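Below you'll find the structure, written out as structure tokens, and then a few comments.
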Amino acid sequence: MVLSGKAWKFGDNISTDHITPGRFYHLRSNLEELTEHIFEDIAPGFNTKVSHGDIIVGGKNFGLGSSREHAPLIIKMAGIDAIVAKSFARIFYRNAINVGLAAIICHVDDIDEGDTIEIKVDEGQFLDKTKGIEKRFSPLPPIMREILREGGLDRYIRKYGGLKV
């Protein structure tokens, strides 16, 4: 699986409140409308600038805070295919994989917003094509790669009837 797109840079400790501000919690049953407010307080207009296939690069503890499963879902709905960060909040990480959003742990301080990124998920290879930087990361376990390939846990279970571990 190869993902590629433009980098969107965020720092450390991006919370689920940063992703989907709490004042819009009432929209959780209207995900299309909620997606219009993604990162509204820290990156105004993000929802109109992001393109399908783009990639978020972040710092430490991406997705901390409440376990809002719609936070990674609206990131995916906005067009993002992957988040690459130094570390993730545990529940956010699992929710991301479960909705089919690749969550890759890799040091990305030297990546700038707008750089063209390519991620070879199966090989554990991260490339910044703009700067010619290559990095390695621990590949995701096979079951997680299969869940991503199917587009999320729900689709995986519908196809296979359960997890093959």
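Here are the numbers for this structure:
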| read-out | value |
| --- | --- |
| Antiparallel DSSP beta bridges within the stretch 63-165, percent to nearest 5 | 65 percent |
| Cα-Cα P(r), the chain, percent of pairs per 10 Å interval | 11, 42, 36, 11, 0 |
| 24 Å Cα-Cα threshold exceeded, pairs from Lys9/Lys86; Lys135/Lys159; Lys60/Lys159; Lys49/Lys135; Lys49/Lys159 | Lys135/Lys159; Lys60/Lys159; Lys49/Lys135; Lys49/Lys159 |
| Paramagnetic reach from Leu31 in the stretch 146-160 [backbone N under 16 Å; point 7 Å along Cα→Cβ] | 148-158 |
| Integer Hz, Karplus 6.51/-1.76/1.60 couplings in order for the stretch 15-23, x for Gly and Pro | 8, 5, 5, 5, 5, 9, x, x, 5 |
| Within the stretch 108-165, GluC sites (Glu not before Pro) in DSSP loop having at most 15 other beta-carbon neighbours inside 10 Å | Glu113, Glu123 |
| ³J(HN,Hα) computed for each position of the stretch 43-56 - Karplus, 6.51 cos²θ - 1.76 cosθ + 1.60, integer Hz, glycine/proline x | 8, x, x, 3, 4, 8, 9, 6, 10, 4, x, 5, 10, 8 |
| Residues whose placed amide H lies under 5 Å from that of Ile133, excluding near-sequence neighbours | Asp128 |
| Efficiency of FRET between Asp110 and Asn13 - r from beta-carbon atoms, R0 22 angstrom, step 0.05 | 0.70 |
| Amide H contacts of Gln125 (H built 1.01 Å from N, under 5 Å, at least 5 apart or other chain) | Lys120, Phe137 |
| Sequence-distant aspartates and glutamates (8 or more away, or on other chains) whose Cα lies within less than 13 Å of Lys76 | Glu32, Glu36, Asp54 |
| Kirkwood hydrodynamic radius of the stretch 20-60, from inverse mean 1/r over distinct Cα pairs, in Å | 11.3 Å |
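Values quoted throughout were computed directly from the atomic coordinates according to the rules given, and no laboratory measurement underlies them. Since the model is a prediction, treat every value here as computed from it, not as a measurement. So basically every Cβ, Gly included, is an ideal-geometry build from the backbone, and we count neighbours across all protein chains shown.
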